[in-house]
Amino acid sequence: MARESARSKDTAKPGIKEVAAVAGVSPTTVSRVLNNRGYISQETRDKVHAAMKRINYTPNDIARAMLNGRLNLIGMIVPYVSSPFHAQAVQAVERTLAENGFKMLLCNSANRPELERSYIDMLRRNMVDGVIVNSLNIGAEAYAEMGLSLVGIDCDLGEASVQIASDSYSIGELATRRLIDDGCSRILCLRSNSRMRMPANKRTDAYLDVVEQAGLPALVREVEFVKPDDEKSAVVAKILDENPDIDGIFAGDDTMAAICLNVMKQRGLSAPGDIKVVGADGARRTMTFMPDLTTSPPSASTTSTLPPRATAACSSSRSWAIRSAGSRCMPASRAVRMSS
């Protein structure tokens with residue numbers, strides 16, 4: 001028993017008291033150095049850090065969070081990180097958080113309300129300092145109840161939040177007008193679940209307005225973007241088979257546009273010869289592999305007008321218009337590339 005007790009002491013992780021003993025200072029001084037509180041001379045700081053390195057001491061972030069009331073941890077909820085667009089957003093946010101001394105807890109909601117609620121509970125239990133949301137499948141009040149700093153990417157989390165939004169209406173308008181200008185008269189608009197309350201729904205609103213103004217028939221079909229690609233392909237194939245007169249497609253996003261092009265190829269249809277296809281988002285990874293894809297990218301802007309609590313989370317994302325404190329979204333880019 002004595003031997004096991006000695007072994008337990010030998011393998012126990014060193015704490016503040018051990019650091020203090022090696023550095024020749026008090027545990028209180030070590031705590032002040034770790035938490036950057038009060039005046040500490042550079043000589044004392046160096047002694048404490050040298051002692052930490054010598055005995056391989058690692059600060060306990062959870063314990064420090066309990067003392068300071070913050071963990072420098074930000075939660076981010078996205079629909080699915082496999083999307084090139086969301087992957088690019090996550091990468092930009094994570095990089096910027098790291099540059100500002102923050103870490104990220106990443107959650108994939110799959111657009112499932114019950115999963116999103118469970119992530120909210122998990123983030124609250126993990127004492128995050130704020131939440132960035134790009135997936136709103138529940139009421140904004142669920143986020144407001146967290147009492148944290150909130151940033152919504154293309155979703156409105158309430159008056160106390162900061163919203164970063166692309167001008168979805170202009171994106172839909174730009175894409176639809178381009179198809180009409182190129183001679184399309186039977187244009188299919190593909191959208192995700194219409195029951196989801198997302199600003200991207202305005203892309204469909206714009207499509208409906210533009211085809212009505214042009215005196216053209218509207219054809220809107222839903223394809224849940226979170227479904228596996230083979231299921232989405234099957235839905236697109238069925239739509240094309242049932243509507244052989246389609247000569248243009250506004251695909252909603254670039255991933256769906258790529259699926260449409262693949263389905264068309266399987267049926268011996270070419271783009272833009274037989275059917276013209278326009279996507280939206282313009283994620284870098286998508287354009288790397290499909291440089292000729294026609295897409296309506298979001299507007300480019302900076303985040304210099306954002307409140308300080310949002311800047312750290314969002315300052316690397318340059319594909320967005322900023323909407324905060326009543327300001328309006330910036331217009332979408334006017335450059336649209338047509339697939340060859």
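The values are calculated or read from the model by the stated rules, or taken from the named source; none is laboratory data. It should be emphasised that the depicted structure is a prediction, and the values quoted were computed from it without experimental measurement. Cβ: placed from backbone, ideal geometry, glycine included. Neighbour counts: every protein chain shown. We work out accessible area using only protein heavy atoms, side chains counted, and drop any ligands, DNA or RNA first. Shrake-Rupley method; radii C 1.70, N 1.55, O 1.52, S 1.80 Å.
Exactly one of these conditions fails for Glu173: (1) at pLDDT 90 or above; (2) part of a loop (DSSP other than H, G, I, E, B); (3) crowded, with 16+ Cβ neighbours inside 10 Å. Give me its number.
(2)
Of the residues Ala160, Ala92, Ala87, Ala98, which single one is small (Gly, Ala, Ser), assigned to a helix (DSSP H, G or I), without any contact (Cβ under 8 Å) to a residue 60 or more places away in the chain and open to solvent by 10 Å² or more (accessible area, probe 1.4 Å)?
Ala98
Of the residues that make up the stretch 110-120, is at least one over 23 Å from Asp253 (Cα atoms), of a type outside the set (Phe, Trp, Tyr) and open to solvent by less than 10 Å² (accessible area, probe 1.4 Å)?
yes
Is it true that some residue in the stretch 67-75 is within 29 Å of Met287 (Cα to Cα) and either aliphatic (A, V, I, L, M) or crowded, with 21+ Cβ neighbours inside 10 Å (or both)?
So far as the stretch 67-75 goes, yes, one or more of its residues are within 29 Å of Met287 (Cα to Cα) and either aliphatic (A, V, I, L, M) or crowded, with 21+ Cβ neighbours inside 10 Å (or both).
Name the residue, out of Arg203, Arg178, that is charged (D, E, K, R), in a helix (DSSP H, G or I) and open to solvent by less than 40 Å² (accessible area, probe 1.4 Å).
Going through Arg203, Arg178 in turn, the sole match is Arg203.
Given the residues Leu190, Leu148, which is the only one that is surrounded by fewer than 23 Cβ atoms within 10 Å (Cβ to Cβ) and of a type in the set (A, V, I, L, M, F, W, C)?
Checking each option against the conditions leaves just Leu148.
Name the residues in the stretch 101-119 that are of a type outside the set (Asp, Glu), part of a helix (DSSP H, G or I) and within 30 Å of Ala258 (Cβ to Cβ), would you?
Scanning the stretch 101-119 gives Pro113, Leu115, Tyr119.
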